[in-house]
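Values in this text are rule-based calculations from the coordinates and carry no lab data. Keep in mind that what you see is a predicted model, and the values were worked out from it rather than measured. Cβ sites come from the backbone with ideal geometry, for glycine too, and all protein chains shown count toward neighbours.
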Amino acid sequence: MMNKFLFAVALLSFLGMAKVFGQNQTEPKNVEFNVGADFASRYIWRGSQFGGNSPVVQPSVSLGIKGFELGAWGSYTLSGDNRSQEMDLYLSYTCPSNLFTATITDYYFPVEGQDYKYFDYKKNSTGHIFEGSLSFNGTEKFPVTILAAMNFYGADAISLNNDNTKKGIQYSTYFELGYSFTVSDVALNTFVGFTPNSPEAANVTTGFVGETGFYGSKAGIVNLGLTGSKDLKITDSFTLPISASVITNPQAEKIYFVLGISL
């Protein structure tokens, strides 16, 4: 009950602040409100494909004030039989120097065509996955980023008991190192992601709750690739941000080529 109450308070506060700021012709100092959407040929996240072989639309909305940011992000497939949905909420804080960002994310995956209970936060039955992360954002002279992320609550299950309750959470962990540079007018980012977890995937029974082997079946590199992005000039007054990514998952022996467009 307390989790539902806190969620409702956060949502109402977010909507109320957005309404107030939207009515003002001039935004208050240090306040940012953003709405956007990305379109991608595939949804690849940390080396894994979500939503099958379908293009996706990924809307987002965020409110930032004095280093804090409260936001919502989603992903929805546009075709195919295996329709996939994702609805995430997050709260982050970036220090004044912009060097570090700490984030708590609530991942949720509604199942298309099935009845789901979004407000179920019980540890043994919830479909939510809570992650804490810390990132080093790099500088202009040192364009290296470092991310450390760990699931700490929810449907990151190890296996099931006979009554379908979870035996535990495996604290799936992910580290990523990135390096950014520019060639001509193309911004490039190369990255490598590693998971140190060795999940007990072999001990999982059919019908397990949540994500077992969240990033891979063993410790190793699960996300390696390069993203290039630029603003494509459409008219003298309008440009369209586009990106192209080559992403590999060495552990799963997969490769993806993804086109993205941002609005």
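Observations on the model:
- When each of LYS123/LYS218; LYS117/LYS230; LYS66/LYS230; LYS141/LYS230; LYS117/LYS254 is checked by Cα-Cα distance, pairs over 31 Å: LYS117/LYS230; LYS117/LYS254
- Long-range amide H partners of SER54 with built H, under 5 Å: TYR43
- Sorted fewest first by neighbouring Cβ atoms within 10 angstrom, THR182, THR248 come out as THR182, THR248.
- Per principal axis, descending, Cα span of segment 48-178 in whole Å: 53, 36, 27
- Footprinting exposure proxy for GLU86, GLU131, GLU253 (fewest neighbouring C-beta atoms within 10 Å first): GLU253, GLU86, GLU131
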